[in-house]
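Remarks on the structure that follows.
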Amino acid sequence: MVRGASSVLLKPKTTEEVSAILSYCNQHKLAVCPQGGNTGLVGGSVPVFDEVIISMALMNQVESVDSWSGVVVCQSGCVLEALDQHVAEHGLMVPLDLGAKGSCHIGGNVSTNAGGLRLLRYGSLHGSVLGVEAVLASGEVIDCLSTMKKDNTGYDLKHLFIGSEGTLGIVTKLAINCPPRPTAVNLAFLGLQSFDDVLQTFRDAKSKLGEILSSCEFIDRSSLECVEENLKLKSPIEPHPYYMLIETSGSNGDHDEEKLNTFLEYVMTSGQVTDGTVATEPSRIQHIWSLRERIAESLIADGYTYKYDISIPLPHFYKMVEDMREHLGSSIIRCCGYGHIGDGNLHLNITSKEYEKEILSRIEPTIFEWTARVKGSISAEHGLGFKKRNYIHFSKSDGAIGLMKQMKKIMDPNGILNPYKVLPDN
Ligand code: FAD
Ligand code: S2G
Ligand code: ZN
């Protein structure tokens, strides 16, 4: 848990106001902390000392929706869910979905390069964001707000602002390529006996569902027990060691249902999947998604959560959970693994009654060394923020970190943008 406070909170309404604020803060060497929906999980949006908080909440207007190309231009303070509802009126969807959709901003999503539940289908924001308008520490407005899907004129600077967590500039507007909203959605909730079966079923889902596969999520028994015990949610199938959520999204219900049934028949007869149910009706789909999306919330009820968001090569994916569980023994309440298996992204969460330094010292740096050994990433999608910045060297070379520091120096010479975030102290 990261806490902070500041005596100044500014809520600009326009790019010009952001520019004037940053130009003043830069001249007077006043540090700032950009804030979106404040749902980040690594302390990136929390002031460390008395940084001026710049909240983007009032910059929440959609500027244009091009129904031919599906490109939407909006301000960065649009709440993800509200933006998705807005574009839904045009038969489009925002190519990103995550449990925090009701509060997070699209600007915060871009600044953390959020992954979410459908990256498997719609790719990363580095692909779906076509243009960015951002304001540099100097107050200079950088207009890279192209709405073109192809633009090979010089260095693609928008990528600097995607995932830099407010340390290179404040994102004020975005152009996003929004795909057509699917008219047919199915969600299968499957029970499996072994992790090998999970991997095999993932591979079969890709080959047998092909283009209609839109999400493949994983939950272990401990995660599901947590939402059942702490939130009193009910699983639609009998207890299993492992579970998967496999979603299809398409434009032809009959076609998709036939493909999904063929896939399910195959994985059930092969014994890879030993129980399962399929939801097509929105309220049932929502209930099954809540079993996955509310795991984080359910863990809070245990007490203190040590959270790890790791990219791991699939053959090692669940071994880390088993190794950590054995390593920590009875000193903890729960060690559970869930996440975006389709992206190789494990959310490993450990809980204890309250925070214990001794437990943390048994987890870290072991978990980061483990990750580095299998050439994974110590932060798959949540970013480094304040909490993980000093572990960056477990996933980035000294040369890469050195170049990042040079870029930071060029773009923010006075170091006023979100200090103590992303880059390590030394
Ligand atoms: P904030 O938390 O306000 O800020 C995040 C970072 O971006 C900070 O460093 C901040 O300074 C910076 N920032 C914010 N706005 C701007 C801007 N306009 N310009 C420049 N910098 C800015 N994350 C995932 O990737 N995938 C998930 O599946 C996922 N699921 C989640 C589920 C729950 C229940 C919760 C609570 C969080 C989840 N998250 C997930 C984490 C979080 O929602 C994301 O990191 C999200 O992108 C943060 O958006 P935000 O608007 O809340 O940003
Ligand atoms: C998710 C965020 C929740 C968590 O649920 O996909 O990114 O706390 C996570 O791990
Ligand atoms: Zn996630």
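Pairwise Cα distances in region 62-177 exceed 19 Å in 40 percent of cases.
Of the beta bridges in region 62-177, as assigned by DSSP with both residues counted there, near 100 percent are antiparallel. Taken over region 234-281, the alpha-carbon convex hull comes to 80 cubic angstrom per residue.
FRET efficiency for the pair residue 414 and residue 390, taken as 1/(1 + (r/R0)^6) with r the Cβ-Cβ distance and R0 = 30 Å, rounds to 0.85.
For region 303-382, the relative contact order is 46 percent, taking Cα pairs closer than 8 Å that sit 6 or more residues apart in sequence and dividing their mean separation by the residue count. Contact order for region 9-56, expressed relative to its length and based on alpha carbon pairs under 8 Å spaced 6+ residues apart, stands at 50 percent. Volume per residue of the convex hull around the Cα atoms, evaluated for region 292-426, comes out as 127 Å³. For region 9-56, the mean projected area of the C-alpha convex hull, equal to one quarter of the hull surface, is 3.3 nm². If the Kirkwood radius is taken over C-alpha pairs of region 212-255, then at 25 °C and 0.890 mPa s the Stokes-Einstein diffusion coefficient equals 202 µm²/s.
Measuring between their Cα centroids, region 220-245 and region 111-185 lie 35 Å from each other. With contacts taken as Cα pairs under 8 Å at a separation of at least 6 residues, the chain carries a relative contact order of 17 percent. Site pair residue 231 and residue 252 shows an inter-label distance of 3.6 nm when each label is modelled 7 Å from Cα along Cα→Cβ.
Overall size of the chain from C-alpha positions, given as principal axis extents largest first: 67, 57, 39 Å.
Rg/Rh for region 303-382 stands at 0.94; both radii use Cα atoms, and Rh follows the Kirkwood definition. With both partners inside the chain, how many of the DSSP beta bridges are antiparallel, as a percent to the nearest 5? Approximately 90 percent, going by the DSSP bridge assignments.
For residue 375, a cut-off of 18 angstrom between C-alpha atoms picks up these aspartates and glutamates, skipping any fewer than 8 places away in its own chain: 309, 323, 343, 364, 398.
Computed from the Cβ-Cβ distance with R0 of 56 Å, the FRET efficiency linking residue 28 to residue 266 stands at 0.30. Between residue 31 and 52, the built amide H atoms are under 5 Å apart, and every one of these is 5 or more places off in sequence or on another chain. Based on Cα atoms of region 184-295, Rg over Rh with Rh as the Kirkwood radius reads 0.95.
Per residue, the Cα convex hull of region 111-214 amounts to 145 Å³.
Readers should treat all values here as calculations from the given coordinates under stated rules, not as data from a laboratory. Owing to the predicted nature of the structure, the values given are computational and were not obtained by experimental measurement. Quick reminder, even Gly has a Cβ in these numbers, built from the backbone with ideal geometry, and neighbours come from all protein chains shown.
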